[in-house]
Amino acid sequence: MPDYPEYQTPVILHDNPLVDDETAEFHFDRFAGTLARLIASKGTKTPLTIGISGTWGTGKTTLLRRLQRQLKQTRRLLDDTKPAVLEFANPNDSPHKDFRACRTVWFNAWKYANEDALLVALVRVIVQEMFRDDLISKLGAAFWEPFTPRRDVIETVLGWFSIKTPFGDAGLDTGKKQSTPLEQKMALLDQFDEAFDRLMAAWVHRTPDVHKIQPEKGVLVVFIDDLDRCLPQKAIQVLEAIKLFFDKEGCIFVLGADMDFIQQAVISHYKEMGSPAEAVQKASDYIEKVVQIRFRLPQIGKDDMQRYLGAQPVHDSLRQRWQALVAAAEANPRRVKAVVNDLELQWGMLANSGQSQGVNRDDFICWQALMRAAPPAFHDEFYGIPEDEGGLRLRHQFILGALRWVCGSEQEKAALNAGYEKYTGREARRLRDVLREIGSFSDEFTPAALNAHVHLAAPPQRKPAAAVTRESPAVKSGPSEEAEAQPTKGLVGRGAEMGGEWIERTGMLFCPIPAGDFVMGSTDDNPLAFDEERPRHTVTIDQEYWLGRFPVTNAQFRRFVQANPDFRTTAEQQGSAYAWTGKGWQESKGADWQHPRSPESSLEGKDEHPVVCVSWHDALAYCHWLNRAYGKELPQGWSFRLPTEAEWEKASRDPRGSREWPWGNEAPDASYCNFDMNMDDTTPVGVYSPKGDSPYGCADMAGNVWEWTQSGFEKYPYNADDRREGTKANLRVLRGGGFGFGRSVRCAYRYWGDPDYRSEDTGFRVAFSPISGL
């Protein structure tokens, strides 16, 4: 059995509204005092509705509870013979002269949202609160005598509330009276109205001798909380119920709700009554009529949040990282508590399972805050990276790259933007804020340490620094995101999206692709993927390589043929190639690279179209010629060749494999690429650039023509050391999809053909690198 440490108890911050003996943060007691003076002032006219607005977790309920607590103190004003101490009164105020008694009722709208009529529920709650007062529950017959002709009505209504009446017990079991239809209930409430007014007046003034509330002496204050948690139609019902109290002096309603939600609820109510603009105007007019005064809780400042977090019984490490925690919670008190509680519980689990030894707690806090703030797309991209050796490095690069994207130099930000541009929107603002506050992780934040954070486990023990450092060649690790964005220099050209260069060799442009790890293939749950694309896995490419920006064109291939007059393509040797007839694909006699559709077709006007009807052997022959003719222009040890399947896929998408198509995850259309017979033929290379380019600047990697790769077709996972990169494979991999295909133009799609296969939609592009002999 493991030798576990002694248990630690996580420190959890409660999320309930503050009780009387707790100190309110963020000036809430002063806010409450301001509202209490407004409500209790004899000069404030009634009826009145006050809206307390704020988003979820900003403290609306706390403010309402603090306000209710202060207003309850005004009951002391009912006795003129005794002094009244009011929390909201100034030293020079005369409480009995300046203020009035306030009787309060709390109505949680969400709690009653399932009821047919919230007006009935609201009246029930008010009446029940009244009958908790001994004076009201013991009212004598003299009080009820004027209502004797309506005894059945009063008994029925009070029966809904399970209240003992002077006419006998009216409990829940009232037979047919309990099942009164909603319409009849509303009618009975109208008949109950006079008795209701007298009940309210008797309760507010604590005497049965008044018929209506006298606002100069006292008011009824109804707090309605959680209105924004109701469905829109229920929220409207509450507002309509409040309107029915507009003819009752001495009634004040205090609403706790996100007024933006209420606005949308009312707009939804009016949407069938005119144009959208008219609905908005009607909603605005409606709310202004129902809610006369509004107070929106201010956004809490960072200094206030720092003081608040510093006063909580939490570990010092959390206080030291308060900026990141506050950013993760958007300076929202409830979310701050939730973030702290989650962190405390996670750390408690780590410590109590004996896994916290060697964990850098600051890195752990930053990691947890980051993932708390990250939008779903960020989570999906991170966890979508395979958890193999190379994948752990890519996950690490992904997180550090995100930090540099936000906190790095302008050059770094520009170089990394292609990989993180999806996180520039509003939904990722918290992510960016937390990254900005984190700034950097410690030197202990290695791929292995990150993986330990993910699995809530202890990191592996670090070897002595003399034996292995983060830069040591003994630790196999891929390049950083920065290195991905800035491949080897020295070959003059133009800038590409990820910071690389295009260079011109043999009349062709090439894009540099950096060495390192990348994610290859498709996930099991990808509905667009085929079995041949699975499993998704990480591949490490050990050396930088350069890939043709475009497929080889007819003009470029013609130079090769002219330089080798004895050369004949496979199609020319065998007398046919597959071509599009207008109705389908079939073998066409006489079709070849110069006559791509039939002997009658030609290359007129197609010099910049990709060469087609070439076999894998033809593409290989072209590369051999390039080495003879131009190999001396390359660095020593470098050579021209076909790209491997892995090199082709890496160049077509991002290192993390998050892109479905070269340009991203937006489904293709005729503006991105030549596919699905939208042109019925090839198009000049580059006409869809730059919109359809890959992050590395390679064009036409989706559609137009299938492209031969060096690789033999074998099952995944890809392994460059097996026979697939040899010369004896029976089938060779084709990538990219042709102009007649739709679903196959995805980056991860794999197709295959016999090395002699040739068709009107099959071409190739060239790579060069230090690797030779493939």
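The values are calculated or read from the model by the stated rules, or taken from the named source; none is laboratory data. None of these values were measured; they are calculated from a predicted model. Here Cβ is always computed from backbone atoms with ideal geometry, including for glycine, and neighbour counts include all displayed protein chains. Remember, those area values only see protein heavy atoms, side chains included, never the ligands or the DNA or RNA. Shrake-Rupley method; radii C 1.70, N 1.55, O 1.52, S 1.80 Å.
When the residues of the range 568-612 are filtered to those that are open to solvent by 40 Å² or more (accessible area, probe 1.4 Å) and among the hydroxyl-bearing types (S, T, Y), the one that is nearest to M679 (Cα to Cα) is T581. Among residues of the range 194-222 that are of a type in the set (D, E), those with a beta-carbon under 8 Å from a residue that is open to solvent by 10 Å² or more (accessible area, probe 1.4 Å) at least six positions away or on a different chain give the pairs D197/H211; D197/K212; D197/I213; D197/K248; E216/K42. Would you check if there is a residue in the range 547-566 being under 30 Å from E389 (Cβ atoms) and open to solvent by less than 50 Å² (accessible area, probe 1.4 Å)? Yes, the range 547-566 contains at least one residue that is under 30 Å from E389 (Cβ atoms) and open to solvent by less than 50 Å² (accessible area, probe 1.4 Å). Of the residues making up the range 69-89, one or more are open to solvent by less than 80 Å² (accessible area, probe 1.4 Å), modelled with pLDDT under 90 and not in a helix (DSSP H, G or I). Residue check: P684 meets all listed conditions (1) open to solvent by 30 Å² or more (accessible area, probe 1.4 Å); (2) at pLDDT below 95 but one, namely (2). Taken over the range 583-592, the criterion of being without any contact (Cβ under 8 Å) to a residue 40 or more places away in the chain, part of a loop (DSSP other than H, G, I, E, B) and of a type outside the set (K, R) is satisfied by G584, G590.
On inspection, G763 does not qualify as assigned to a loop (DSSP other than H, G, I, E, B) and open to solvent by less than 20 Å² (accessible area, probe 1.4 Å).
Do we find a residue being of a type outside the set (D, E, K, R), at pLDDT 55 or above, buried (at least 17 other Cβ atoms within 10 Å of the Cβ) and more than 33 Å from the chain's Cα centre (by Cα) anywhere in the range 522-540? Checked against the condition, which is being of a type outside the set (D, E, K, R), at pLDDT 55 or above, buried (at least 17 other Cβ atoms within 10 Å of the Cβ) and more than 33 Å from the chain's Cα centre (by Cα), the range 522-540 yields no hits at all.
Here A579 passes the criteria (1) assigned to a loop (DSSP other than H, G, I, E, B); (2) within 15 Å of D681 (Cβ to Cβ); (3) of a type outside the set (F, W, Y) except the one numbered (1). Only residues that are under 22 Å from D226 (Cα atoms), open to solvent by 40 Å² or more (accessible area, probe 1.4 Å) and free of Cβ contacts under 8 Å to residues at least 40 places away in the same chain were counted in the range 242-278, giving 5. The set of residues in the range 313-332 that are of a type outside the set (G, A, S), in a loop (DSSP other than H, G, I, E, B) and either touching a helix residue (DSSP H, G or I) at 6+ places or on another chain (Cβ under 7 Å) or within 24 Å of S440 (Cβ to Cβ) (or both) comprises V314, H315, R321, E330. Mind checking which pairs have a first residue in the range 313-325 that is among the small types (G, A, S) and a second that is crowded, with 19+ Cβ neighbours inside 10 Å, Cβ under 8 Å, 6 or more apart or different chains? From the range 313-325, the pairs are S317/I365; A324/I365; A324/C366; A324/A369; A324/L370; A324/V434; A324/E437; A324/I438.
Just one of the listed residues (T762, T727) is out of contact with any Lys or Arg (no Cβ under 8 Å at 6 or more places or on another chain) and free of Cβ contacts under 8 Å to residues at least 60 places away in the same chain, and it is T727. Candidates S711, S744: the one that is within 30 Å of E633 (Cβ to Cβ) and either part of a loop (DSSP other than H, G, I, E, B) or hydroxyl-bearing (S, T, Y) (or both) is S711. Which of (1) open to solvent by less than 10 Å² (accessible area, probe 1.4 Å); (2) over 30 Å from L64 (Cα atoms); (3) under 29 Å from the mean Cα position of the chain (by Cα) is the odd one out, the single condition M371 does not satisfy? Result: M371 passes all but (1). The listed residues are F245, F253, and the only one of them that is closer than 22 Å to Q292 by Cα and touching a Cys at 6+ places or on another chain (Cβ under 6 Å) turns out to be F245.
Could you check how many residues of the range 376-406 are assigned to a loop (DSSP other than H, G, I, E, B) and either modelled with pLDDT of 95 or more or under 17 Å from N665 (Cα atoms) (or both)?
Result for the range 376-406: 2.
Among the candidates V238, V204, V221, which residue alone is modelled with pLDDT of 85 or more and touching a Gly at 6+ places or on another chain (Cβ under 8 Å)? Of the residues listed, the single one that is modelled with pLDDT of 85 or more and touching a Gly at 6+ places or on another chain (Cβ under 8 Å) is V204. Of A667, A702, all but one fail to be open to solvent by 10 Å² or more (accessible area, probe 1.4 Å) and part of a loop (DSSP other than H, G, I, E, B); the exception is A667.
If the requirement is being under 30 Å from L634 (Cβ atoms), open to solvent by 30 Å² or more (accessible area, probe 1.4 Å) and at pLDDT below 85, which of these qualifies: P464, P479?
Only one candidate qualifies: P479.
Only residues that are open to solvent by less than 10 Å² (accessible area, probe 1.4 Å) and in contact with a Ser or Thr (Cβ under 9 Å, 6 or more places away or on another chain) were counted across the range 620-629, and they come to 2.
Restrict the check to the range 644-653 and report whether at least one residue is surrounded by fewer than 24 Cβ atoms within 10 Å (Cβ to Cβ) and not hydroxyl-bearing (S, T, Y). Checking the range 644-653: at least one residue is surrounded by fewer than 24 Cβ atoms within 10 Å (Cβ to Cβ) and not hydroxyl-bearing (S, T, Y).
Report the residue count in the range 217-241 for those that are assigned to a helix (DSSP H, G or I) and open to solvent by 10 Å² or more (accessible area, probe 1.4 Å).
8
What are the residues in the range 541-561 that are among the β-branched types (V, I, T) and at pLDDT below 95, if any? I541 - this is the single residue of the range 541-561 that is among the β-branched types (V, I, T) and at pLDDT below 95.
If the condition is being open to solvent by 80 Å² or more (accessible area, probe 1.4 Å) and under 30 Å from P5 (Cα atoms), then the range 413-443 contributes only D443. Of everything in the range 630-643, what is touching a Pro at 6+ places or on another chain (Cβ under 6 Å) and either surrounded by fewer than 18 Cβ atoms within 10 Å (Cβ to Cβ) or within 15 Å of Q556 (Cα to Cα) (or both)? Give them in sequence order. Within the range 630-643, G637 is the sole residue that qualifies.
Count of the range 714-741 residues, restricted to those that are β-branched (V, I, T) and either in a strand (DSSP E or B) or surrounded by 15 or more Cβ atoms within 10 Å (Cβ to Cβ) (or both), is 1.
Applying a threshold of 8 Å to beta carbon distances and a minimum spacing of six or more residues, or different chains, the list of pairs starting in the range 380-400 at a residue that is closer than 12 Å to T538 by Cβ and ending at one that is part of a helix (DSSP H, G or I) and among the small types (G, A, S) reads I385/G391; L392/A448.
For the criterion of being over 26 Å from the mean Cα position of the chain (by Cα), surrounded by fewer than 19 Cβ atoms within 10 Å (Cβ to Cβ), among the basic types (K, R) and at pLDDT below 90, R319 passes.
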